[in-house]
Amino acid sequence: MPRRLPLVTALMMTASCLITNPTSYVNERPLTPPRVRDVAGTTRPRIGNLVVVSDAEPDVRMYVPVDDTGSSDPLQWLVFLNTDRDCNPTNESNCGPLQSGEIAGDGATTRRYVEYTLRGSLLAVGCNRVEMWVSSRFLLEGDRHTPAREGDVDFATWWVFKPDATMGSTVDPVEACAQRVQP
C-alpha cells in the first residue's frame with residue numbers, strides 16, 4: 001500500500017493540471033455609454049418638462065449636452081416624435097426617427113451638444129412625446145432604437161403640447177398630458 005500512495009498522488013496532480021491553448025481576449029475598451037445631461041441654464045428645454053407651443057412660437061429649439069468619454073468616436077443622435085418603441089418594422093412610418101445626426105469626435109472634448117429645431121408643423125394637436133436617443137452607433141433596423149453595442153445608449157423625453165384653436169384657453173396642458181412622466 002505505501003508504494004501505491006506516491007503513484008496515486010502523482011496521477012492526481014497530473015490529472016488536475018491540464019494544459020490548453022491560452023484564451024484569446026479581444027482588447028475592447030470598457031463600455032461607457034454616452035449620457036444625456038440636464039444642466040440648468042444650458043439644456044433647452046429642460047428634460048422631462050412640458051413645453052407648450054403657440055402660434056407665436058410654434059417651434060421647439062433644443063440644445064442638449066451629451067457627455068461621452070469616447071471623445072474620438074462619433075456620436076449619433078436620433079429624434080423620435082410620438083413613436084412607439086415596440087413598433088412593427090414592416091410599417092416604416094411608425095418606426096423611423098423624425099431626424100438624425102452625427103457629431104464627430106475631436107479626441108479631446110467629452111461634452112458635445114445636440115442642436116435641433118422641432119418644427120411646430122410636425123406636431124399633432126394635443127400632447128406629443130419627443131425622445132432624443134444618443135449612441136456611438138445605431139443599427140437603424142427593427143425598432144430603430146437599437147445601439148450597435150448593447151448598453152451604448154441613453155435617451156431623454158420631453159412632452160410638447162400643441163393647442164387647437166377650437167380648444168380655446170380652457171384646456172389645461174398639464175391635464176391634457178396627464179400620461180407624461182414627471183421629471
Inset, instruction - Of the numbered conditions (1) surrounded by fewer than 15 Cβ atoms within 10 Å (Cβ to Cβ); (2) modelled with pLDDT under 90, C95 fails exactly one; give the number of that condition. - result: (1)
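Looking at A104, is it surrounded by fewer than 18 Cβ atoms within 10 Å (Cβ to Cβ), under 18 Å from A148 (Cα atoms), among the hydrophobic types (A, V, I, L, M, F, W, C) and at pLDDT 85 or above? Please lay out each step first, then the result.
Numbers: surrounded by fewer than 18 Cβ atoms within 10 Å (Cβ to Cβ): yes; under 18 Å from A148 (Cα atoms): yes; among the hydrophobic types (A, V, I, L, M, F, W, C): yes; at pLDDT 85 or above: yes.
So A104 fits the description; yes.
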Inset, instruction - Tell me which residues, restricted to region 33-49, are under 15 Å from Y116 (Cβ atoms), among the hydrophobic types (A, V, I, L, M, F, W, C) and surrounded by fewer than 18 Cβ atoms within 10 Å (Cβ to Cβ). - result: I47
Legend entry - Inter-residue pairs, beta-carbon under 9 Å, first without any contact (Cβ under 8 Å) to a residue 60 or more places away in the chain and under 29 Å from D164 (Cα atoms) and in region 100-122, second in a strand (DSSP E or B) and among the charged types (D, E, K, R), 6+ apart: E115/R61; Y116/R61; T117/R61; L118/R61
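So which residues in region 117-144 are out of contact with any Asp or Glu (no Cβ under 6 Å at 6 or more places or on another chain), of a type outside the set (D, E) and either closer than 24 Å to A176 by Cβ or in a helix (DSSP H, G or I) (or both)? Let's see the steps before the verdict.
Our first condition is that a residue be out of contact with any Asp or Glu (no Cβ under 6 Å at 6 or more places or on another chain); within region 117-144, this holds for 118, 121-124, 126-133, 137-144.
Right, trim to of a type outside the set (D, E) and you get 118, 121-124, 126-130, 132-133, 137-140, 142, 144.
Matches in region 117-144: L118, S121, L122, L123, A124, G126, C127, N128, R129, V130, M132.
The values are calculated or read from the model by the stated rules, or taken from the named source; none is laboratory data. Every value quoted in this text rests on a predicted model; they were computed, and no experiment measured them. Glycine also receives a Cβ, built like all others from the backbone with ideal geometry; neighbour counts cover every protein chain displayed.
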